[in-house]
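Asks: Structure provided below as structure tokens; questions to follow.
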Amino acid sequence: MRPEKKTPTVELGEDEKVILEILNSQEDALELNEVKTRSQLSGKKWDKASKTLTKNNLVKVEKIDEVLLMKLI
């Protein structure tokens, strides 16, 4: 028999959890600036947290017309 494949787990920090909670409270995508404002993170923390979430395929950022939207995958 084959051994079971282990799915990699992602260690999320407090900043990433804050962003995910904001996105979980909405059914649809939110404007990127609104998520950033609600999270109350500094520029450096916001950058690191949002990049970690997109790298691990937890959130997606899309540009529709001139608006950047962030949504859960």
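Asks: How much length would be gained if the chain were fully extended between Val10 and Ser42, taking 0.36 nm per residue of separation minus their Cα-Cα distance, in nm to one decimal?
Replies: Contour length minus the Cα-Cα distance gives 9.3 nm.
Asks: log10 I(q)/I(0), Debye, Cα-only the chain, no solvent, q = 0.11, 0.13, 0.15, 0.19 Å⁻¹?
Replies: -0.30, -0.40, -0.51, -0.74
Asks: Here is a further query. So, in nm, how far is label Lys55 from label Lys71 when the simple model puts each one 7 Å beyond its Cα toward the Cβ?
Replies: 2.5
Asks: Where the accessible area of the chain is counted over protein heavy atoms with a 1.4 Å probe, how much of it, in %, is carbon and sulfur?
Replies: Summing carbon and sulfur atoms, their accessible area is 47 percent of the total for the chain.
Asks: Report, ordered by chain and residue number, the lysines lying within cross-link reach of Lys48, taken as a straight Cα distance under 27 Å and ignoring same-chain residues fewer than 8 apart.
Replies: Filter leaves Lys6, Lys17, Lys36, Lys60, Lys63, Lys71.
Asks: Quick check: pseudo-label points 7 Å beyond the Cα along Cα→Cβ at Lys63 and Leu20, how many nm apart are they?
Replies: 2.8
Asks: Moving on. Could you state the angle between the C-alpha long axis of helix 14-24 and the longest principal axis of the C-alpha atoms of the chain, as a value from 0 to 90 degrees rounded to the nearest 10?
Replies: On a 0 to 90 degree scale, this one is about 80.
Asks: So how far, in whole Å, is the C-alpha centre of the stretch 1-40 from the one of the stretch 45-73?
Replies: Computed from Cα coordinates, the inter-centre distance equals 10 Å.
Asks: Please give the helix 43-55 orientation as an angle from the longest Cα principal axis of the chain, in degrees from 0 to 90, rounded to the nearest 10.
Replies: 40
Asks: For the stretch 1-57, what is the relative contact order in percent, using Cα pairs closer than 8 Å and at least 6 residues apart in sequence?
Replies: Contact order relative to length: 42 percent.
Asks: Can you tally the net charge around Leu23? Count Lys and Arg as +1, Asp and Glu as -1, for every other residue whose Cβ sits under 14 Å from the Cβ of Leu23.
Replies: On the way: positive: Lys17, Lys36, Arg38, Lys60, Lys71; negative: Asp15, Glu16, Glu21, Glu27, Asp28, Glu31, Glu34, Glu62.
So the surrounding residues net to -3.
Asks: Around Leu58, which amide H atoms from residues at least 5 apart in sequence, or from another chain, sit under 5 Å from its own amide H, with H modelled in the peptide plane?
Replies: none
Asks: Something else: What GluC sites (Glu not before Pro) does the stretch 1-56 have in DSSP loop regions with at most 15 other beta carbons within 10 Å?
Replies: Glu4, Glu11, Glu27
The values are calculated or read from the model by the stated rules, or taken from the named source; none is laboratory data. Keep in mind that this is a model prediction, so the values were computed, not measured. Backbone-built Cβ (ideal geometry, glycine too); neighbour counts: all protein chains shown. We work out accessible area using only protein heavy atoms, side chains counted, and drop any ligands, DNA or RNA first. Shrake-Rupley method; radii C 1.70, N 1.55, O 1.52, S 1.80 Å.
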